[in-house]
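Okay, so here's the structure we're looking at.
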Amino acid sequence: MMDKAMLPDEIKPVMESGIPAIVVTCSADGIPNATIISRVYYVDKTHIALSFQFFNKTIRNVRENPHACVAVSDLAANIKWILDVQYDHSETEGPIFDEMDMQIEAIASATGMAGIFRLRAADIYCVKSFKKLSFTSASSRE
Amino acid sequence: MTPEGVKDNDDLVERLAQKSAEVNVLRRIALDINSTLDLDQIYDIVLRTMDKFFGFHHSIILLLEHVDRLRVVASHGYKDQALGGTVAVGTGVIGTVAKRRRLMRVNNLRSQRAYFATIRSQMEEAGRTGELGQIVPLPGLADADSQIAIPLVIKDRLIGVFSVESREPKPFSEHDETLISIVASQAASAIQNALLYRAAEERRKELAEAHEGLKQLNETLEDRVRARTKELEQANRDLRETQAQLVQSSKMASIGMLAAGVAHEINTPIGAIHSNADVERRAVDVIRGILQDPALVKKLGHQPRLDRAFKIFEDVNRITLEATERVTRIIQSLKSFARLDQAELELVDLHEGLESTLTLIDHLMKDRIKVIKNYGKLPKVQCYASQINQVFANVLANAVQAIEETGSITITTYQDGSYVLIQVADTGVGIRTEHLDRIFDPGFTTKGVRVGIGLGLSITYRVIENHHGSIHVQSEPGKGTIFTIRLPIAR
Amino acid sequence: MIPGKILAFLEDEGTVAVSGTRETNLIPHIHYVAGWEVESDKRTIRCYINQADTDNLISSLEDNRQFCLTVTQVGSHETYQFKGDYVGSTEPNHDDLAAHQRIKTSFAKAVSQVFGFPEEMGLAYIPRPSLVVRFTVREIFLQTPGPGAGHRLFPPEEK
């Protein structure tokens, strides 16, 4: 059974802040891939979700190798959160899927992109561990 | 207590005070919006309170107008107030909330819009414009960065959406979401009640207006029916008069032709009879003269049979002469009455017309009715002689018929300025007061079906009217009737 | 060689970057990047990393040499990913620090314009580097959101 870390509530507004997040995955043949995404979704204390709209490298990688590293930033608090996660399953219905779908539909429809953006699934990840770090470390103060 | 403990305590107290203040505001909103059924007041309370107490500076209320469209009915904090703006269900944050009937809290809208705009321009550069839809302008802040939109639902029925926006970098929180949800839920009920009340009021007004309209229509209808009935009655009378006139004219034309024919045919033999009677009288006078010779008288002696024969002959001859003279006068009157040689407007001696008329109806009056004539000095009157004679005939005939046994008819004529007056007074049974207004109506008769069809006086009235004159009747039951005809001397 | 257009992007337009490595057991790691510079061979890129982001960095690189760098421009979303092989690491020199400063300033300005944050916040996001990781570029991918996202630009994809 995998160890799961319990995310604190204070991470929720950071995930909703709208500052782009980072996802790094790795293919089965060992090539890392770093992507910038618009949003990470808080599912519960032990899970996050990423939207699967287009079949891209990230999606392909986690289906070969479930491990991923996700980072979200809180600029106002000068904090970044680094999460070690593992792809668990995909959902095509349910509250998380609906919330993601709604968000995408709302913006896409207003920008004339309604037919182009379609949420295929909500990829659910377990949080194995996380770190809360400051942007400025003691050793690098200017 | 440690300083940290004191600080924690202070924080707790401050948070409690804040929560308490929020609850009070929410309670106040609930009371205020439920105390009114005026939609504008409800909108105002909700939007102003959200701004004043919770710092939501830009908010909109939209109501579902059709199954696929929402319309802005109230707004706060917008330059052009966005009122009247519409949102298609399914478009943008508000439209998506309406479609899904779920609350939505969105942050970092600017960045997301920019992200989608980047993709859009990439697609346009790649020549895939055909796959792109139109960018629809939506009511609200063009540069909003955060938005909470919540559906207003009553018993599973969507009535609208409540939306709050912000340009600030600080995004809306879960707590903001909770506050807005509570207010939206109360607002939904209040709005629904107000809408129902407004609909009921409008319906009531419509019914009242319809009722009033019906009432007026009813009254108008009755008036119109009455007026129409009167018109129809008048038209009927006019028609009958015209018919009668036509019939009368036709009759008169026939009678006139007949009279002319009869007069012509009778005139010659009557003239011959009259002339022969005169010749006979002179011949008898010659014979009487011869028989009065003294030598013949001595020889024949007294012959009483011869005297009687001469007497009988003289009487018969006299009667023959009087009779032929009378027939001649009747023919003359007939011709005069018909006045076939005068079908145009002429200057006419009215006394002549009266006399010829009296001659024609003499047989109706004989030994029963005395005619008294008070003829004044009348100038000739410009008129249609045959029509005026018809008038005299109608009036005199009525007078004769009104006298049941014996009585008199007095005819008075005189000039009154530019008019002449002809008055015919009888000592007949008179006309009942309730009939006086109707005696000139076509079809009205007191004589009974077999006696008359009641057109004579209506034609009389029409003829006088056409001559720009007037006819007036005075009567009293048992005391007789006076018809007064007034005609202009010149038309 | 990195194509000229992308070189120009790296020099003038990119405002923020992030890098990734993976351990022996394929567990990936994120390392925030405090700036970059292309070396004169136009193939090797120097990435500036702050101390706080060096966990698992060198051990992973020495294990498998796999490194990826994603550079984006705030606002336009123009983005490229560079995948390559670790060459070595060193301490930042004067030029590195100048490059770092330039990128940091550019980022802070962009973030202020797009997100409305004060520039100080943007400046704090990109701390001073303590390490320079050098890698040679093996592949370049377009990562700008849109129809071409994921396409390999270098070496060109076979048609």
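Worth a mention:
- The order of A:Ile37, B:Ile45, going from fewest to most other C-beta atoms within 10 Å of their C-beta, is A:Ile37, B:Ile45.
- Across q = 0.09, 0.11, 0.16 Å⁻¹, region B:89-229 modelled as identical point scatterers on its alpha-carbon atoms has Debye log10 I(q)/I(0) values of -0.50, -0.62, -0.94, in the order of the q list.
- Straight-line cross-link reach from B:Lys215 at under 21 Å between alpha-carbon atoms covers these lysines, not counting any fewer than eight positions away in the same chain: B:Lys205.
- Net length gained if the chain between B:Lys52 and B:Val316 were fully extended (0.36 nm per residue, minus Cα distance): 81.5 nm
- Rg ratio for region A:17-138: its Cα radius of gyration over 2.2 N^0.38 Å, N being its residue count, equals 1.09.
- Applying 1/(1 + (r/R0)^6) with r as the Cβ-Cβ distance of A:Lys45 and B:Ala117 and R0 = 41 angstrom yields a FRET efficiency of 0.70.
- The mean sequence distance of close C-alpha pairs (under 8 Å, at least 6 residues apart), as a share of the length of region B:3-202, puts its relative contact order at 23 percent.
- Cut-off 15 Å between beta-carbons: net charge of the residues surrounding C:Thr90, Lys and Arg +1, Asp and Glu -1: -4
- Cβ-based net charge around C:Pro3, under 13 Å, with every Lys or Arg adding one and every Asp or Glu removing one: +2
- Positive-end ranking of A:Ser90, A:Thr58, A:Val14 along the dipole of chain A, with charges on Cβ about the Cα centre, is headed by A:Thr58.
- Label-point gap, in nm, between B:Leu364 and B:Gln382 - each point 7 angstrom along Cα→Cβ: 3.2 nm
- Extension gain, B:Leu246 to B:His472: 0.36 nm times the residue separation minus the Cα-Cα distance gives 79.0 nm.
- Most simply put, the protein assembly as shown has about 95% antiparallel DSSP beta bridges, counting only bridges with both residues inside it.
- The equivalent ellipsoid of chain B has semi-axes of 120, 26, 16 Å, largest first, where each one is the square root of 5 times an eigenvalue of the Cα gyration tensor.
- Amide hydrogen neighbours beyond the local backbone of B:Arg128, cut-off 5 Å, H modeled: none
- The distance separating the Cα centre of region B:362-410 from that of region C:104-135 comes to 132 Å.
- Ordered by the number of other Cβ atoms lying within 10 Å of each residue's own Cβ, fewest first, B:Asp156, C:Asp85 fall into the sequence B:Asp156, C:Asp85.
- All Cα-Cα distances of region A:42-113, cut into 5 Å bins from zero to the largest, leave 3, 12, 19, 20, 22, 15, 8, 1 percent in each bin in turn.
- FRET efficiency, 1/(1 + (r/R0)^6) with R0 56 Å, evaluated for B:Leu347 and B:Arg308 via beta carbons: 0.55
- Note on B:Asn24 and B:Glu222: with the Förster distance fixed at 56 Å, the Cβ-Cβ geometry gives a FRET efficiency of about 0.30.
- Straight Cα distances below 21 angstrom link B:Lys370 to the lysines B:Lys479, with same-chain residues fewer than 8 positions distant left out.
- Spacing of the modelled spin labels on B:Asp68 and C:Asp12, each 7 Å from Cα toward Cβ, amounts to 4.8 nm.
- Gyration tensor over alpha-carbon atoms, region B:1-83, equivalent ellipsoid semi-axes in Å: 37, 15, 11
- Computed over the alpha carbons of region C:4-143, Rg followed by Dmax gives 14.3, 42 Å.
- Of every Cα-Cα pair in region C:117-159, the percent that sits beyond 11 Å: 76 percent
- Nearest-ten-degree value, helix B:456-466 long axis tilted from longest Cα axis of chain B: 70 degrees
- Protection proxy ranking, peptides B:9-19, B:111-121, A:106-116, average beta carbon neighbours within 10 Å, highest first: A:106-116, B:111-121, B:9-19
- All Cα pairs of the protein assembly as shown, percent lying beyond 34 Å: 69 percent
- Extension gain, B:Gln401 to B:Ala142, is 82.9 nm, computed as 0.36 nm per intervening residue step minus the present C-alpha separation.
- Neighbours of B:Tyr419, meaning other residues whose beta-carbon lies under 13 angstrom from its beta-carbon, give a summed charge of +1 when Lys and Arg score +1 and Asp and Glu score -1.
- Whether region B:341-491 is rounded, prolate or oblate, judged on the alpha carbon gyration tensor where a/c under 1.5 counts as rounded: prolate
- Ranked for footprinting exposure by Cβ neighbours inside 10 Å, fewest first, A:Lys132, B:Lys299 give B:Lys299, A:Lys132.
- Subset of A:Lys12/A:Lys80; B:Lys19/B:Lys155; A:Lys45/B:Lys52 violating a 24 Å alpha-carbon distance limit: B:Lys19/B:Lys155; A:Lys45/B:Lys52
- Calculated P(r) tail over 27 Å for region B:3-202, as whole % of Cα pairs: 36 percent
- Spin-label pair C:Thr136/B:Leu31, simplified geometry with 7 Å Cα→Cβ offset, distance in nm: 8.0 nm
- The protein assembly as shown - charge dipole about Cα centre, Lys and Arg +1 at Cβ, Asp and Glu -1, debye rounded to 20: 3740 debye
- Using equal-weight Cα scatterers in the Debye expression, the normalised intensity of region B:83-128 in log10 at q = 0.20, 0.24, 0.28 Å⁻¹ is -0.82, -0.90, -0.94.
Every read-out reported here was derived from the displayed coordinates using simple, explicitly stated rules and does not represent laboratory data. Only a predicted model underlies this, so the values are computations on that prediction, with no experimental measurement involved. Heads up, the Cβs are rebuilt from the backbone with ideal geometry, glycines too, and the neighbour counts pull from every protein chain shown.
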